[in-house]
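Trainee: The structure that follows is given in the form of structure tokens.
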Amino acid sequence: MDTIDVDVAIAGGGACGVMAALRASEDPELVVVIFEKSTREGCNADVSSGSLAAGGTRLQREAGIEDSPQRHCEDIIGNSGDESLRDLVMSFCEVAPRYVDWIADTLGYPLEVGVDMPRKGMSVPRLHADPERRGGRPLMSFLRAELASRDNVAFVDEAPVRRLLTEADPDEPSRERVVGFVAEQNGRPVEVRATTTVVATDGFANNPALMQRFASSLGTPFYGGVSTSTGDSIGWLEPLGAQWMHMEACLRHGQVTLGHGTRVNPALPWAGAVLINCDGERFVDEQANGYSGLAGHIQAQPGERALMVWDEQAMAETITSEMMRDSLAAGAIHDAAGLVDLADQTGIAAELLARAMRPLPGRRAQQGRLHHTWLTHGVLTTQGGALIDTGCRVVRADGSTVSGLRVGGGSAVGTAGPKSEGYSSGSGLMAAMGAGWIIGEEIAGGLTS
Ligand SMILES: Cc1cc2nc3c(=O)[nH]c(=O)nc-3n(C[C@H](O)[C@H](O)[C@H](O)COP(=O)(O)OP(=O)(O)OC[C@H]3O[C@@H](n4cnc5c(N)ncnc54)[C@H](O)[C@@H]3O)c2cc1C
């Protein structure tokens, strides 16, 4: 078997892996490799909306928005109700403004604060995105191009990692430490030995057996993530004593267009959009839930679907989003001249529609020409994973950590808490890029285990 010796070996070239490599490779003495299953298949960061949550950025200050990592952390815990991971959440919130400013100011990627992106439990505008809202793919391409410009990094594509390399830990011979991994390149195994191994292979939402094992309560949702999220790390980390945490929680989405699989802008409820089930009932206060929490409400409706209706003003407020562009291009959004036309098109009686669309207290009435789409619920990514400490080391049940190994992004526990309803918008990329940033910085600073 071919053997490579490096300083840092990273499994997975998505949000976490790329950020870890970018930071670690700032130290020119370090040799870093990423083994990536397949950029052709893609990572979830590629297909994401690319919304980066961060509190206390230069961009927020310039927009007159007062925010801080502490406030961000409180908002996340307010949504998740989970105090047990406060230190970990805070560590991600602390680095988030640093890497968002770094991406914008040092690397030069165009970012702005999304003041048009209200989200449940987000006390101030905190999502950062490119001005045209092009989604995650251009951002990830940009970061990978930056990586490609570094002499001390190799990105090996179409080369899935198959298993971790372990040996008895010299400090504690009864325990295993990680010394690299075995990957497959051109159909042949290659042994990659490293001082630090990083597992950044995301979660398990595209592994039906693991979804059944950990998250069967979600039923059979539409899957909106990439094919590569097969939970490969679970089989690697379990024998090392990893503790699984919050495995039922997922980043769900309650605004997935039925029959198309695109999503509509999560800001629509704040622009006045109304949700109505097949029986003509308005079954939820649309603004009381984030899109992840909304998924459970839609799952509970007849046919696991609901009609979303909004007017021209709401359309104008939400159209600048890759989600709306995708949905329009897919033919998922329809127009109705008014309630009678809407009733004809949807099969829901006009008087039921009229009652359902009465504005809730303090809300604007939807009027004039209407837009509508049938929505169902989907899963985008899992949020449960290995319990890690604030340095992204895997924590065993006795509190010890696994030497030589760092884990981040969807392979580790996220910030949603025990239930999908607890997911805060922008937390998927924050946990992934935040972990990558922390791991890379510590490695570059010489803290290698
Ligand atoms: C449709 C959608 C929209 C989203 N929008 C947002 C958003 O706007 N903001 C936000 O914060 N979050 C968003 N998310 C969530 C976010 O994309 C993920 O939480 C984040 O990408 C996780 O980062 P990661 O590095 O763990 O995984 P990924 O970005 O998925 O990267 C993992 C990489 O590991 C590779 N891999 C897997 N197995 C192996 C293996 N055995 N060997 C080698 N490589 C392997 C994969 O191919 C992939 O490239 C969205 C997710 C989806 C699906």
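Trainee: Residue 63 versus residue 134, label points 7 Å from Cα toward the beta carbon: distance in nm?
Mentor: Result for the modelled spin labels: 1.9 nm.
Trainee: Can you give me the distance in nm between label points at residue 279 and residue 367, each placed 7 Å from the Cα along the Cα-to-Cβ direction?
Mentor: 3.2
Trainee: Further question on the same structure: So, in Å, what gap is there between the alpha-carbon centers of region 258-325 and region 374-449?
Mentor: 29
Trainee: Right, here's the next one. Figure the gain on full extension for residue 397 and residue 83 (residue separation times 0.36 nm, minus the Cα-Cα span) and round it to one decimal in nm.
Mentor: Numbers: separation 314, 0.36 × 314 = 113.04 nm, distance 1.86 nm.
Between residue 397 and residue 83, full extension yields 111.2 nm more.
Trainee: Now for a different question. Using only Cα atoms and rounding to the nearest 10 degrees, what angle (0 to 90) does helix 136-148 make with the longest principal axis of the chain?
Mentor: Here the helix axis deviates by roughly 20 degrees.
Trainee: Dipole of the chain (Lys/Arg Cβ +1, Asp/Glu Cβ -1, origin at the Cα centre): which of 118, 338, 201 lies farthest to the positive side?
Mentor: Positive-end residue among those listed: 338.
Trainee: Then there's this: Once the other residues with Cβ under 12 Å from the Cβ of residue 189 are scored (Lys, Arg +1; Asp, Glu -1), what is the net sum?
Mentor: Values: positive: 162, 163, 188; negative: 2, 184, 191.
Here the count lands on 0.
Trainee: Which residues among region 34-48 fall inside the zone where the amide N is under 17 Å from a point 7 Å beyond the Cα of residue 145, along Cα→Cβ?
Mentor: Counting only backbone N, you get 46.
Trainee: Tell me, what is the per residue accessible area of the chain in Å², probe radius 1.4 Å? Spell out each step's value before the answer.
Mentor: On the way: 16710 Å² over 449 residues.
Here the per-residue accessible area is 37 Å².
Trainee: Full extension from residue 313 to residue 157: what is 0.36 nm times the residue separation minus their Cα-Cα distance, to one decimal in nm?
Mentor: On the way: separation 156, 0.36 × 156 = 56.16 nm, distance 4.52 nm.
Here the segment from residue 313 to residue 157 would lengthen by 51.6 nm.
Trainee: Here's another thing I want to ask about it. If you fit an axis through the alpha-carbon atoms of helix 86-101 and take the longest principal axis of the Cα set of the chain, what angle between them do you get, 0 to 90°, nearest 10?
Mentor: The angle comes out near 90 degrees.
Trainee: OK, next. Please compute the length gained on full extension between residue 172 and residue 29, using 0.36 nm multiplied by the number of residues separating them and subtracting their Cα-Cα distance.
Mentor: 48.6 nm
Trainee: Per residue of region 24-32, what does 6.51 cos²θ - 1.76 cosθ + 1.60 with θ = phi - 60° give for ³J(HN,Hα)? Whole Hz please, x for Gly and Pro, Karplus curve as stated.
Mentor: Each residue of region 24-32 in turn: 4, 6, 5, 8, x, 6, 8, 9, 10 Hz.
Trainee: Right, here's the next one. Among 114-121, 164-171, what's the highest-first ranking by average C-beta atoms within 10 angstrom per residue?
Mentor: Details: 114-121: 20.1, 164-171: 15.1.
The most tightly packed comes first, giving 114-121, 164-171.
Trainee: Further, regarding this structure: With charges only on Cβ, +1 for K and R and -1 for D and E, what is the dipole size of region 251-379 about its Cα centre, in debye, rounded to 20?
Mentor: Details: 10 positive and 14 negative charges, 50 e Å.
With only Lys, Arg, Asp and Glu charged at Cβ, the dipole is about 240 debye.
Trainee: What does the convex hull of the Cα atoms of the chain come to per residue, in Å³, rounded to a whole number?
Mentor: Considering the Cα atoms of the chain, their hull volume per residue is 134 Å³.
Trainee: Using packing as a proxy for protection, rank 197-208, 314-325 so that the peptide with the highest average count of other Cβ atoms within 10 Å comes first.
Mentor: Values: 197-208: 26.9, 314-325: 19.3.
Highest to lowest by the protection proxy: 197-208, 314-325.
Trainee: For residue 335 and residue 288, what does the FRET efficiency come to when R0 = 30 Å and r is the distance between their Cβ atoms, rounded to the nearest 0.05?
Mentor: Working: r = 28 Å, r/R0 = 0.92.
According to the calculation, E is roughly 0.60.
Trainee: Another one. In debye, nearest 20, what is the charge dipole magnitude of region 309-379 about its Cα centre with +1 on Lys and Arg Cβ and -1 on Asp and Glu Cβ, if you could check?
Mentor: 300
Trainee: Computing the accessible area with a 1.4 Å probe over protein heavy atoms, can you report the carbon and sulfur percentage for region 177-227? Write down the numbers at each step before the final one.
Mentor: Values: 1000 of 2150 Å².
Carbon and sulfur atoms account for 46 percent of the accessible area of region 177-227.
Trainee: Residue farthest toward the positive end of the dipole of region 251-379, with Cβ of Lys/Arg at +1 and Asp/Glu at -1: which of 324, 299, 356?
Mentor: It is 299, whose Cα lies furthest towards the positive end.
Trainee: Nearest 0.05, what FRET efficiency do residue 70 and residue 351 give at R0 = 60 Å with Cβ-Cβ as r? Present the calculation step by step, with values, prior to reporting the outcome.
Mentor: On the way: r = 50 Å, r/R0 = 0.83.
Calculated transfer efficiency: 0.75.
Trainee: Can you give me the % of accessible surface on region 251-379 that is carbon or sulfur? Probe 1.4 Å, all protein chains present, nothing else counted.
Mentor: Here carbon and sulfur together make up 49 percent of the probe-accessible area.
Trainee: Sort the following peptides by mean Cβ neighbour count (other Cβ atoms within 10 Å, averaged over residues), highest first: 180-189, 230-239, 288-297. Numbers along the way, then the final one.
Mentor: Numbers: 180-189: 15.2, 230-239: 19.3, 288-297: 22.8.
By packing density, highest mean first, the sequence is 288-297, 230-239, 180-189.
The values are calculated or read from the model by the stated rules, or taken from the named source; none is laboratory data. Since we're looking at a predicted model, the values are computed, not measured. Neighbour counts are summed over all protein chains in view; Cβ atoms, including those assigned to glycine, are modelled from backbone coordinates with ideal geometry. Surface accessibility is based on the protein's heavy atoms, side chains included, excluding ligands, DNA and RNA. Shrake-Rupley method; radii C 1.70, N 1.55, O 1.52, S 1.80 Å.
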